[in-house]
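Input: a single structure, listed below in structure tokens.
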Amino acid sequence: MNSGDTAWVLVSAALVLLMTPGLAFFYGGMVRSRGVLNMLMMSLGSIGVVGVLWVLIGYSTAFGSDIGSAGLLGNPAEFFGLSSLLGEDQVSGTIPTLAFVGFQAMFAIITVALISGAIADRARFGPWLLFAGLWAVVVYFPVAHWVFAFDTKDDAGNVTAVGGWIANRLAAIDFAGGTAVHINAGAAALALALVLGKRQSWPKDPGKPHNLPFVVLGAGLLWFGWFGFNAGSALAANTTAAVTLVNTLVATSAATLGWLLAERIRDGHATTFGAASGIVAGLVAITPACSSVTPLGAIAVGAITGVVCALAVSLKYKFGYDDSLDVVGVHLVGGLMGTLLVGLFASSAAPAGVDGLFYGGGFDQLWRQAVGAVAVLAYSFVLSLVLALLVKAVVGFRVSAEDEAVGIDETEHAETAYHFGAERSARRSAVPADEVERKLEGSRA
Amino acid sequence: MKLVTAIVQPSKLDDVKDALERLGVLGMTVSQTQGYGRQKGHTEVYRGAEYAVDFIEKLRVEVLVDESNVDKVVDGIVTAARTGRVGDGKVWVTSVDTVVRVRTGETGVEAI
């Protein structure tokens, strides 16, 4: 065990957790003021549901012994409750296995939270939590196994434990989750947007972002946490982590410029919202590629994706699906771009790189990337569609048209975010004041 | 007695207030309001989606004045509120039948 590596992975895990409240603000700022709390709550709910499921069966499904050596699924019962991983001898590489368990838990959490952006202002909260749990179990945990579970080999190079098919048999490069996280969440978002349908006012009034400073705050927290997401995926405090960190910086910088340039040309203005969106698009794109490209390659990956995603967010108006906060345009498209661009810009000079098309490697890596991307996209889209239809049929998924008009914060959560005017209210039902006083008296005595 | 009502750019409130004080106007009522004139509002762009914003934030300034002061008060407001750009607002004058000071019960010009 290496204490430096362990420290880095533990800190990275905490950084990645911060991304989910960051995402909550990123999304929360984008909706109208009457739906901001619900938007925050869908992210916080993901932490609750997925955090618990990860301990019960998530880690096992993703990283347990492969069932039938097919590379499709880990044994869900193997590490149930994680109690068997608490000992001093439980190590994974140079870090305690539980550090890895915690780090990967944060990935599962934020992937589920990402989906919620597609269904702003119209999903009932309970059914969302139900969908979040089902989706984590049926879609995320298996896909995480495909992408993140590497074969275990002995000193002679023989495989002693089989891992996921995309990481090992296909050998597609996805360092920190372009397929498992972003394509996966983006495809699910598209399915959910289709099942729930459009908001009442869409597309005539898509709803202006009520707080762009929140959006920038969220993007900043995401970027900060993303250094843990990408550089932490090295699972060690080493050169790979450092390269990854630099690539995460420069790709994102380039994507910001790319998005702003596209906006300036198309709309005449470089906007704050565009800058924040460009940041996230760049982070998404560099996620699969961060250990397999050079910093110059990272700039190319970021810049191209920034421009493409800026154009992709208008697809929903063209095709008529209400992906409220552009999860498809940013995460699905950005994830596809990053994953495929690995096949073009990967360089053997980078820590986990093999030469891609532009570095003399031919099409070999590109088709591997494409197969991995399409497989995850198709699996996630179909299963998400089924799960969403199931939730819709059994418990209902949408709020009523009246509740949507009043505002989902008030109708789903009995709260409103902002109290500016001279609104008058009185406590209606709570513990009577004298009872509180009696209890306080008791505690003082 | 007259009521002078002015719709002005929010950024010009201080100039209007200074001008009215120089003219000896002792009080005014200011409220936030929204509206548009012939030019309509403006366009905002969020992720490429254009939004027409018709109702623009303005301030409504109301001043009660004696009839003899009306012209110079109107001139004062117009001069102070003018930027020369579209959306500078409007000023209009209406007749007032009665004014009563709540504290003392004084009426008419005394109550202004």
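The values are calculated or read from the model by the stated rules, or taken from the named source; none is laboratory data. On a predicted model such as this, the values are computed, not experimentally measured, just so you know. All Cβ positions, even for glycine, are placed from backbone atoms using ideal geometry, and neighbour counts span all protein chains on display.
For this structure, a couple of remarks:
- Residues located in segment A:245-262, provided they are within 11 Å of chain B (Cβ to nearest Cβ) and buried (at least 24 other Cβ atoms within 10 Å of the Cβ): A:TRP259
- Failed criterion for B:GLN32 (all others in (1) of a type in the set (S, T, N, Q); (2) under 30 Å from A:GLY278 (Cβ atoms); (3) modelled with pLDDT of 95 or more hold): (2)
- The single condition from (1) more than 11 Å from every other protein chain (Cβ to nearest Cβ); (2) more than 18 Å from the chain's Cα centre (by Cα) that A:PRO288 fails is (2).
- Of the residues making up segment A:233-283, those that are touching a residue at least 12 places away in the same chain (Cβ under 8 Å) and outside any helix (DSSP H, G or I) are A:LEU235, A:ALA236, A:ALA237, A:ASN238.
- Within segment A:307-314, one or more residues are more than 20 Å from A:ALA172 (Cα to Cα), in a loop (DSSP other than H, G, I, E, B), in contact with a Gly (Cβ under 8 Å, 6 or more places away or on another chain) and not basic (Lys, Arg).
- Contact map, segment A:148-160: residues that are part of a loop (DSSP other than H, G, I, E, B) paired with residues that are exposed (fewer than 10 other Cβ atoms within 10 Å of the Cβ), Cβ distance under 9 Å, separation 6+ or inter-chain. Pairs shown: A:ASP151/A:THR160; A:ASP154/A:THR160.
- Scanning segment A:194-227 for residues that are part of a loop (DSSP other than H, G, I, E, B), farther than 19 Å from A:VAL36 by Cα and in contact with a helix residue (DSSP H, G or I) (Cβ under 9 Å, 6 or more places away or on another chain) turns up just one, A:PRO203.
- Taken together, the residues in segment A:393-427 that are of a type in the set (D, E, K, R) and without any contact (Cβ under 8 Å) to a residue 12 or more places away in the chain amount to 5.
- Some residue of segment A:296-310 being without any contact (Cβ under 8 Å) to a residue 40 or more places away in the chain, more than 16 Å from A:ALA373 (Cα to Cα) and away from chain B (no Cβ under 14 Å): yes
- Selected residue [closer than 27 Å to A:ALA234 by Cβ, within 14 Å of chain B (Cβ to nearest Cβ) and modelled with pLDDT of 95 or more] from A:GLY274, A:GLY278: A:GLY278
- Condition met for B:GLY37 (modelled with pLDDT under 90 and in contact with a strand residue (DSSP E or B) (Cβ under 9 Å, 6 or more places away or on another chain)): yes
- Filter result for B:THR98 (out of contact with any Cys (no Cβ under 6 Å at 6 or more places or on another chain), farther than 22 Å from B:ALA111 by Cα and among the hydroxyl-bearing types (Ser, Thr, Tyr)): no
- Residue within segment B:19-42 that is within 14 Å of chain A (Cβ to nearest Cβ) and surrounded by 16 or more Cβ atoms within 10 Å (Cβ to Cβ) present: yes
- Test: residue in segment A:195-215 that is away from chain B (no Cβ under 14 Å), touching a residue at least 24 places away in the same chain (Cβ under 8 Å), over 30 Å from A:VAL382 (Cα atoms) and touching a Phe, Trp or Tyr at 6+ places or on another chain (Cβ under 8 Å): no
- Filter result for A:PHE80 (in contact (Cβ under 8 Å) with a residue 12 or more places away in the chain, under 19 Å from the mean Cα position of the chain (by Cα) and either surrounded by fewer than 24 Cβ atoms within 10 Å (Cβ to Cβ) or within 30 Å of A:ASP403 (Cβ to Cβ) (or both)): no
- Only a single item in (1) within 14 Å of another protein chain (Cβ to nearest Cβ); (2) touching a residue at least 60 places away in the same chain (Cβ under 8 Å); (3) not acidic (Asp, Glu) is not met by B:ALA52, and it is number (2).
- Test for A:VAL301: is it of a type in the set (Val, Ile, Thr), in a loop (DSSP other than H, G, I, E, B) and crowded, with 24+ Cβ neighbours inside 10 Å: no
- Condition met for B:LEU59 (away from chain A (no Cβ under 14 Å) and at pLDDT 95 or above): yes
- Selection count, segment B:83-101, where residues are in a loop (DSSP other than H, G, I, E, B) and either in contact with a helix residue (DSSP H, G or I) (Cβ under 9 Å, 6 or more places away or on another chain) or polar (S, T, N, Q) (or both): 5
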